[in-house]
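Data first, discussion second: the structure below is written as structure tokens.
The values are calculated or read from the model by the stated rules, or taken from the named source; none is laboratory data. Computed from a predicted model, the values in this text were never measured in an experiment. Methodologically, a virtual Cβ is constructed for each residue, glycine included, from the backbone with ideal geometry; neighbour enumeration extends over all protein chains shown.
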Amino acid sequence: MLALTGSAALAQDRGQRNGQNQQGHTQFDEHDQQVTRDWYNQNQAHPPAGLRNQDRLSSDEESRLHEGAVLDKDLRRKVHPAPPDLARRLPPPPKDHRYVALGGHVGLIDNNFEVKAVIHLHGN
């Protein structure tokens, strides 16, 4: 019983930061950006799909990747799930949202492909 209580408390702590419930977290804060950049720097030698040099977006595509934008069919084809080990380091995304890797960026999008937040790891 004690082990279950401890596990529940740990899970609750992972979902909270600075007293805020992160289940409704739809923006990247400074901590999220630092965690993502640290992860990227540690994995830059062998980046996964969506974060490789060949995955970089054109200038036109870059201009269409911003908070509030709905990804068009062209950009949707370039969306990859965020690496699981990175996603575990970030707060749980809200229901119907997911972390993605796209063109050298990490984003949070909803099920309608609306961009909620973006961390630009490298640009053109």
Among the residues of the stretch 59-80, write down those that are surrounded by 11 or more Cβ atoms within 10 Å (Cβ to Cβ), closer than 14 Å to HIS122 by Cα and out of contact with any strand residue (DSSP E or B) (no Cβ under 7 Å at 6 or more places or on another chain).
GLU61, GLU62
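Going by the conditions given, is ARG98 among the basic types (Lys, Arg) and over 13 Å from the mean Cα position of the chain (by Cα)? Before you say what the answer is, go through the steps one by one.
Details: among the basic types (Lys, Arg): yes; over 13 Å from the mean Cα position of the chain (by Cα): no.
Taking the combined requirement at face value, the residue does not satisfy it.
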Go through the residues of the stretch 22-44 one by one and say whether even a single one is more than 18 Å from the chain's Cα centre (by Cα) and modelled with pLDDT under 95.
no
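Limited to the stretch 38-52, what total is found for residues that are outside any helix (DSSP H, G or I) and farther than 14 Å from HIS120 by Cβ?
Total satisfying the criteria: 7.
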Filtered residues of the stretch 72-95 (kept if within 14 Å of VAL115 (Cβ to Cβ), among the hydrophobic types (A, V, I, L, M, F, W, C) and under 15 Å from the mean Cα position of the chain (by Cα))
VAL79, ALA82
